[in-house]
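One structure is given here, and the rest of the page talks about it.
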Amino acid sequence: MSAESMATGQNEHLLRAFRRRFRDWRGQRPFWAGLFTMLGGLPIAYFPYADVRLGNLTIAMSTTAGAGSLIIGVLLVTLGMTMWFHAIVRVFAGVAAIVLALVSLPVANIGGFVFGFLFSLIGGALSVSWAPGAPLPPAEETPGDRAPEPAAAPQDSTEPGEWGAPVPATPNTPETTTETNGGRNSAG
């Protein structure tokens with residue numbers, strides 16, 4: 001193993017490389033906001049359809065607001081995915097997550113027994129407040145990294161219109177002027 005192979009990452013362990021790429025991906029978007037929003041949508045969508053079995057006794061949580069709870073939960077999960085994969089609309093997704101979290105209180109069993117409400121509210125607030133980091137300063141160039149400069153055109157020609165020839169300084173006015181009737185249709 002040479003020093004050059006360590007600098008380029010050729011012999012790097014697969015898990016370490018995946019972890020570094022995931023950390024870079026996570027830093028470019030409101031990751032925690034999306035995670036909290038999705039975690040808030042799951043209990044809101046699940047609890048109205050859940051039933052608990054204790055031996056022969058079944059406790060059903062089905063309510064008349066089951067469809068509304070399912071819609072709110074699916075929308076919150078979708079907004080969380082939007083925060084991850086389309087970070088440009090993070091403010092809209094955050095505000096929508098906060099509004100859906102507030103609506104889930106009366107609609108979805110006190111917002112998924114307060115867990116879904118709190119997770120969605122925190123995720124929406126994180127999304128609204130997240131801002132992308134400042135870009136890194138450009139790396140210093142080494143002489144080998146710089147692209148070669150293009151060759152300059154020959155300067156020995158003096159005819160106007162050729163490459164590199166001086167352009168005569170004439171005003172940009174037309175040779176003839178046309179008067180209009182009373183100044184109509186004039187741009188000046």
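The values are calculated or read from the model by the stated rules, or taken from the named source; none is laboratory data. Keep in mind the model is a prediction, meaning the values are calculated, not measured. Cβ: placed from backbone, ideal geometry, glycine included. Neighbour counts: every protein chain shown.
Scanning segment 43-85 for residues that are in contact with a Leu (Cβ under 8 Å, 6 or more places away or on another chain) and among the aliphatic types (A, V, I, L, M) yields I44, A45, I72, L75, L76, V77, L79.
Inspect all residues belonging to segment 24-38 and state whether any of them is without any contact (Cβ under 8 Å) to a residue 12 or more places away in the chain, surrounded by fewer than 12 Cβ atoms within 10 Å (Cβ to Cβ) and either more than 30 Å from G133 (Cβ to Cβ) or within 24 Å of the chain's Cα centre (by Cα) (or both).
Going residue by residue through segment 24-38, those that are without any contact (Cβ under 8 Å) to a residue 12 or more places away in the chain are 24-26.
Restricting the remaining residues to those that are surrounded by fewer than 12 Cβ atoms within 10 Å (Cβ to Cβ) gives 24-25.
From what's left, either more than 30 Å from G133 (Cβ to Cβ) or within 24 Å of the chain's Cα centre (by Cα) (or both): 24-25.
Yes: segment 24-38 contains one or more residues that are without any contact (Cβ under 8 Å) to a residue 12 or more places away in the chain, surrounded by fewer than 12 Cβ atoms within 10 Å (Cβ to Cβ) and either more than 30 Å from G133 (Cβ to Cβ) or within 24 Å of the chain's Cα centre (by Cα) (or both).
Can you find even one residue in segment 96-110 that is among the β-branched types (V, I, T), over 26 Å from S129 (Cβ atoms), surrounded by 15 or more Cβ atoms within 10 Å (Cβ to Cβ) and without any contact (Cβ under 8 Å) to a residue 40 or more places away in the chain? No, every residue in segment 96-110 fails to be among the β-branched types (V, I, T), over 26 Å from S129 (Cβ atoms), surrounded by 15 or more Cβ atoms within 10 Å (Cβ to Cβ) and without any contact (Cβ under 8 Å) to a residue 40 or more places away in the chain.
Apart from one condition, R53 fits all of (1) among the basic types (K, R); (2) out of contact with any helix residue (DSSP H, G or I) (no Cβ under 7 Å at 6 or more places or on another chain); (3) in a loop (DSSP other than H, G, I, E, B); the exception is (3).
Taken as a whole, the structure leaves I72 outside the set of residues that are under 35 Å from the mean Cα position of the chain (by Cα), assigned to a helix (DSSP H, G or I), farther than 26 Å from P30 by Cβ and at pLDDT below 95.
Being outside any helix (DSSP H, G or I) and under 19 Å from L35 (Cβ atoms) is the filter here, so list the residues in segment 75-111 that pass it. I'd like the intermediate steps shown before the answer.
Applying the first criterion (outside any helix (DSSP H, G or I)) to segment 75-111 yields 86, 108.
Within segment 75-111, just H86 meets the criteria.
If you scan segment 65-94, which residues turn out to be buried (at least 17 other Cβ atoms within 10 Å of the Cβ) and of a type in the set (S, T, Y)? Scanning segment 65-94 gives S69, T82.
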